[in-house]
């Protein structure tokens with residue numbers, strides 16, 4: 001019970017939902033079935049035509065696109081808290097992406113049937129799908145913007161801050177469960193270039209490199225470096 005309440009509190013405090021009617025958010029959170037998902041587990045898979053609403057309260061999710069080339073499977077990483085509403089729920093068809101737990105997740109899920117029952121009671125909840133879809137669009141746009149940064153050093157810093165959830169705020173250290181190889185793919189850098197830059201950041205005390213993880217130690221200093 002305490003863990004569920006803590007998860008709900010994190011989702012209520014998500015700045016991306018600032019201004020959303022608290023009563024509607026309460027309806028959705030109360031309808032969630034809560035699960036602890038181990039690292040390495042698939043949250044959902046491309047090709048599915050079902051689309052529950054997921055509230056990711058803690059952890060990191062890595063996304064793979066069915067449209068991506070084989071050597072660039074992971075296209076983005078997101079840190080909780082955030083909500084997910086799949087393409088089938090919004091416009092029909094099948095999912096085009098796969099979500100993998102990069103760390104242990106705490107996830108609340110509202111089934112499609114349950115969500116439709118809620119909208120029958122409160123039709124305004126249909127707007128929630130549009131709200132979450134717009135949030136995901138801006139996340140994708142920011143990811144694309146990072147990928148287009150010409151300067152390798154700045155592109156790497158901006159991407160690392162974004163996936164750590166520290167690009168616009170937060171001065172707390174964050175451990176991101178990502179390998180250097182995966183980060184080099186996200187940033188379109190060679191493994192050698194990415195590694196050299198990361199080791200330089202580590203020598204400056206900005207990050208700590210570990211096995212399949214990178215800890216962002218000084219997010220404020222990193223933000224200052226990209227302006």
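The values are calculated or read from the model by the stated rules, or taken from the named source; none is laboratory data. Nothing here was measured: the structure is a model prediction, and the numbers come from that model. All Cβ positions, glycine included, derive from the backbone under ideal geometry; neighbour counts span all protein chains shown.
Inside the range 15-37, can you point out the residues that are touching a strand residue (DSSP E or B) at 6+ places or on another chain (Cβ under 7 Å) and not in a helix (DSSP H, G or I)?
Matches in the range 15-37: 32, 33, 34, 35, 36, 37.
Residue by residue through the range 96-115, note down the ones that are part of a helix (DSSP H, G or I), out of contact with any helix residue (DSSP H, G or I) (no Cβ under 7 Å at 6 or more places or on another chain) and either on the phi > 0 side of the Ramachandran plot or surrounded by 13 or more Cβ atoms within 10 Å (Cβ to Cβ) (or both). First the steps, then the outcome.
We begin by selecting, within the range 96-115, every residue part of a helix (DSSP H, G or I); these are 112-115.
Filter once more, so that each one left must be out of contact with any helix residue (DSSP H, G or I) (no Cβ under 7 Å at 6 or more places or on another chain): 113, 115.
Selection gives 115 alone.
Being under 12 Å from residue 180 (Cα atoms) and more than 20 Å from the chain's Cα centre (by Cα) is the filter; apply it to the range 209-224 and report the residue that is surrounded by the fewest Cβ atoms within 10 Å (Cβ to Cβ).
Ranking the qualifying residues of the range 209-224, first place goes to 211.
Do you know which residues across the range 156-178 are surrounded by 13 or more Cβ atoms within 10 Å (Cβ to Cβ) and either assigned by TED's automatic domain parsing to the domain that holds residue 40 or outside any helix (DSSP H, G or I) (or both)?
Going through the range 156-178, the residues surrounded by 13 or more Cβ atoms within 10 Å (Cβ to Cβ) turn out to be 156-167, 170, 173-178.
Answer for the range 156-178, where residues must be surrounded by 13 or more Cβ atoms within 10 Å (Cβ to Cβ) and either assigned by TED's automatic domain parsing to the domain that holds residue 40 or outside any helix (DSSP H, G or I) (or both): 164, 165, 166, 167, 170, 173, 174, 175, 176, 177, 178.
So which residues in the range 194-219 are under 27 Å from residue 101 (Cα atoms) and assigned to a helix (DSSP H, G or I)? Lay out the reasoning, then the answer.
Within the range 194-219, the first condition is being under 27 Å from residue 101 (Cα atoms), and the residues that meet it are 194-195, 197-199, 201-202, 206-219.
Selection gives 194, 195, 197, 198, 199, 201, 202, 219.
Determine whether residue 104 is closer than 30 Å to residue 191 by Cα and modelled with pLDDT of 90 or more. I'd like the intermediate steps shown before the answer.
Details: closer than 30 Å to residue 191 by Cα: yes; modelled with pLDDT of 90 or more: yes.
Here the answer is yes, as residue 104 does meet what is asked.
Take residue 132 and decide whether it is crowded, with 19+ Cβ neighbours inside 10 Å and in a helix (DSSP H, G or I). Before you say what the answer is, go through the steps one by one.
On the way: crowded, with 19+ Cβ neighbours inside 10 Å: yes; in a helix (DSSP H, G or I): yes.
Criteria met by residue 132.
Pairs under 9 Å by beta carbon, first residue at positive phi in the range 167-190, partner part of a loop (DSSP other than H, G, I, E, B), six or more apart or different chains?
Qualifying pairs under 9 Å: 170/164.
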